[in-house]
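Undergrad: First the structure, then my questions, so here it is.
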Amino acid sequence: MRVLSKKNIITLLLIVAVFAVVQVLISVKIINSFYEITLATICINIILAVSLNLVTGFTGQFSLGHAGFMSIGAYVCALISMNTDSTLGFIFGILAGAVAAAIVGVIIGIPTLRLKGDYLAIATLGMAEIIRVLFLNMEITNGAAGLSGIPRNTNWTWLFIFLMATIILINNFIRSSHGRACISIREDEIAAESMGVNTTKYKVMAFALGAFFAGIAGGLYASYFYFIKPNVFGFMKSVDVLVIVVLGGLGSISGSVIAAILLAVLTTFLQQFTEIRMIIYALLLVAIMLFRPQGLLGTKEITDMFKSNKNTEKIE
Amino acid sequence: MKKLLSLLIASTLIIGSLTACSGGQDKPSTGNGDAKEVKIGINYELTGDVASYGNASVDGILMAFDEINAAGGINGMQIVPVKIDNKSDSAEATSVATRLMTQEGVVASLGPATSGNFMATIPVAMGSKIPVISASATADKGVTTDDKGNVNDFVFRLCFNDSFQGVTMANFASGNLSAKKAVIIKDNSSDYGKGLAENFRATFEAAGGTIVAEEGYVGKDKDFNAILTKIKGQEFDVIFIPGYYQEAGLIIKQARDLGIKAPVLGADGFDSPVLLELAGPEALNDVYFSNHYSSLDQDPKVQDFIAAYKAKNNVDPNAFNALGYDLGQYIADAIKRANSTDPVAIKDALADTKGFAGVTGTFDMGEDHNPIKSAVVIGLENGVQKTSVKVDPK
């Protein structure tokens, strides 16, 4: 059986080890509740970045609407878990939110994914704004005041489960024939089409899958931070995610993971320099992009680095 | 076999943590061991969308703290403010609150300035049992009481809420201006605007008036000529604009340019020098808005504050400065009366406030942790505050 291969077992052990170490650190309070918030932000941002990477990095479709899908997941999960405050309600809420986001992704993807480059970026941006304004004007979402008093069900375990599920599923998708088709669209859409790849189908597929996981991230966000309002999911949220993806490298899952961790740690560290934090943050971004325009990892994965030892030190 | 084993480990860990993690809130570490100083958190919007509110409030708070420290502190303890920016972001507000309460060991936390961000800190305060107070979170629901109407023990504010302002302005319109017909142009993108509009309509109609039109706009709109042309053909006595100064300034200017001369009413969202910049002095006649305090108030407390603030910053204080100043004095007063740095004792002292005399008025803290205080309706003439009328709560 291929599932039982040595590589898979090592990966599994590694995942369990990471989980256990952090869990122990939390229970002996080395990671206190303040650092736990940073940890949650990291996990949510990784899910967002990896799912956007599938759309922008691997399929080459420049999307500025990720926060819109996130907000769908957040609102659906918040409304469901406020009505049924139990673990079951929470899980159902997250999955329902993700499915709702994916459905909206398909509906929006079919017409807009015929556009390219800048046009697509503007269309997705408009889509996210429409979603935001809808939430702003609906009774059930409590308009601009937002929903408060959402029960906190998200903890490290749930974050980690959803994080790993996202990474593994997207990683496997990319390595499947569907994923290869997506990459071929990024490399050259005309060539891909002439080779018989149904480009619209694969673009919509990647878009919907990205939306699905963004919905999960939104659900986790809602049930961790107690409070959501439409303005949380504005244009800048989409840009924040895009920054992580570009910084990590378009087309590198591990790059997104590293960049999300790096930026979250940086923001937390800079919290004490109130006046100049955004200047430092922006300067660091400019510096990184100047010295590594392809992103931290480019299109490579961290596992590729171990194969050729030459590059390992540079990254570490 | 190996896989089975690791799966077993994984599932035990997961099940174990799922059951163990649910009740995990840290104990607050109120580390004021030497009792010579007392740490008070400042969790405000210093950057981002509503930074002007945050910075103005913090200016007032720090001014109050400086005065108290210069006068010997609270019962001999110096106040150490711990100021952290929340970027006008609600998740960041939660994070900052957690940091203040579990890392920095504050005995109380002030802010944020806006209702949404303030709400995001409430669960943290309730979990850590450390009081949070906002000077300007005016939302009706979900602040000092939860959605079932229970009082949030550790949550206080020292401003009136939105519905009070809507009611005040409606009474002012039908009483002082004897208006019978009103038009509402509301900010549809903020709960503030919607809440005010709702309360204005209810009170105005109950007093025998009619709302002839209710129009809406969204924040950051620039051109209001479509709305204004539409209402121009109708007959009305007053226009009520529940919204913020960025749009209200433009609406007033464009309305006056179109020849609409009716009095314009608003709420504390009008209180900014930017209103004058946008509308110009000629347009700002017959404009009335409710506010937390007026610089025309001849109370020596108010005049002393204005003089001190002007000496320090070279500008007239606005309502956020005044509310911030009161907030700083209020928390210091509570710590003094509690004679303790125990957050629970401070909370009891905050709730037990009677006759606190601040720049923004004298108030008792109500049962529901809302202050019982009066509002001021300010009238503008050529862009300058000319009249002020005090309106007491019923």
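FYI, it's all coordinate maths here, none of it is from the lab. Every value quoted in this text rests on a predicted model; they were computed, and no experiment measured them. Cβ atoms come from the backbone with ideal geometry, glycine included; neighbour counts cover every protein chain shown.
Undergrad: So what is the relative contact order of chain B, in percent, for Cα pairs below 8 Å that sit 6 or more residues apart?
TA: Worked out over chain B, it gives 16 percent.
Undergrad: How many lysine pairs does the stretch B:165-313 hold where the Cα atoms are under 19 Å apart and the two sit 8 or more places apart or on different chains?
TA: So the count works out to 24.
Undergrad: Oh, and also: Going by how many other beta carbons lie within 10 Å of each one, how would you line up B:Tyr217, B:Tyr53, fewest first?
TA: B:Tyr217, B:Tyr53
Undergrad: Please say if the stretch B:162-291 is rounded, prolate or oblate, where rounded means a/c under 1.5 for a ≥ b ≥ c the square roots of the C-alpha gyration tensor eigenvalues, and otherwise the choice is prolate for a/b larger than b/c and oblate otherwise?
TA: It comes out rounded by the Cα gyration axes.
Undergrad: Residue by residue, what Karplus-based ³J(HN,Hα) values in Hz, rounded to whole numbers, does the stretch A:134-149 have, using 6.51, -1.76 and 1.60 with θ = phi - 60° and x for Gly and Pro?
TA: Whole-Hz 3J(HN,Hα) from phi for the stretch A:134-149: 4, 4, 5, 10, 8, 5, 5, 8, 6, x, 5, 5, x, 9, 10, x.
Undergrad: By counting other Cβ atoms within 10 Å of each Cβ, how are A:Glu275, B:Glu104, B:Glu67, A:Glu139 ranked from fewest to most?
TA: Working: A:Glu275 10, B:Glu104 18, B:Glu67 14, A:Glu139 6.
The most exposed by this proxy come first: A:Glu139, A:Glu275, B:Glu67, B:Glu104.
Undergrad: With θ set to phi - 60° and the Karplus curve 6.51 cos²θ - 1.76 cosθ + 1.60, what are the ³J(HN,Hα) couplings of the stretch A:188-197 in order, to the nearest whole Hz, using x for Gly and Pro?
TA: 6, 5, 5, 4, 4, 5, 5, 8, x, 7
Undergrad: What does the C-alpha gyration tensor say about the overall shape of the stretch B:260-384? Classify as rounded when a/c is under 1.5, otherwise prolate if a/b is larger than b/c, or oblate.
TA: Prolate.
Undergrad: Hey, what angle do you get for helix B:51-70 against the long axis of chain B, alpha-carbon based, 0 to 90 degrees rounded to 10?
TA: Its long axis makes an angle of about 70 degrees.
Undergrad: Sticking with this one: Starting from the Cα gyration tensor of the stretch A:186-316, take the square roots of the eigenvalues, sort them a ≥ b ≥ c, and report rounded, prolate or oblate (rounded when a/c is under 1.5, otherwise prolate if a/b is larger than b/c, else oblate).
TA: Because a/c hits 1.5 or more and a/b fails to exceed b/c, the stretch A:186-316 counts as oblate.
Undergrad: Shifting gears a bit: Skipping prolines and chain starts, which residues have an amide H placed within reach, meaning under 5 Å, of the one on B:Leu265, given they are 5 or more residues away or on another chain?
TA: Long-range HN contacts for B:Leu265: B:Ile239, B:Phe240, B:Ile241, B:Tyr288.
Undergrad: Compute the convex hull volume of the Cα atoms of the stretch A:139-179, divide it by the residue count, and report the result per residue in Å³ as a whole number.
TA: Given the Cα convex hull of the stretch A:139-179, per-residue volume reads 115 Å³.
Undergrad: Over 10 Å intervals from 0, what percent of Cα-Cα pairs in chain B sits in each interval?
TA: Each 10 Å bin holds this share of Cα pairs: 5, 22, 30, 21, 12, 6, 3, 1, 0.
Undergrad: When we measure straight from the Cα of A:Lys201, which lysines land under 19 angstrom away, once same-chain ones fewer than 8 places off are left out?
TA: Within the straight-line cut-off, A:Lys201 pairs with A:Lys116.
Undergrad: Still on this structure, I have one more. Given N residues in the stretch A:32-315, what is Rg(Cα) / (2.2 N^0.38 Å)?
TA: On the way: Rg = 18.5 Å, N = 284, 2.2 N^0.38 = 18.8 Å.
Rounded to two decimals, the normalised Rg is 0.98.
Undergrad: Okay, next question. Sequence-distant or interchain residues sharing an amide H contact under 5 Å with B:Lys186, placed H: which?
TA: Residues meeting the criterion, in which the H sits 1.01 Å from N, are B:Glu215, B:Gly216, B:Tyr217.
Undergrad: Once phi is turned into ³J(HN,Hα) by the Karplus curve 6.51 cos²θ - 1.76 cosθ + 1.60 with θ = phi - 60°, what whole-Hz value does each residue of the stretch B:305-320 show in order, with x for glycine and proline?
TA: Values, residue by residue: 4, 4, 5, 5, 5, 5, 4, 7, 10, 6, 9, 6, x, 9, 4, 5 Hz.
Undergrad: Name the long-range amide H neighbours of B:Lys39: under 5 Å, sequence gap of 5 or more, or other chain; modelled H, no Pro or chain starts.
TA: The list, which skips near neighbours in sequence, is B:Val80, B:Val107.
Undergrad: Another question, if that's okay. How high is the relative contact order of the stretch A:32-315, given as a whole-number percent (alpha carbon pairs under 8 Å, six or more residues apart)?
TA: Answer for the stretch A:32-315 is 32 percent.
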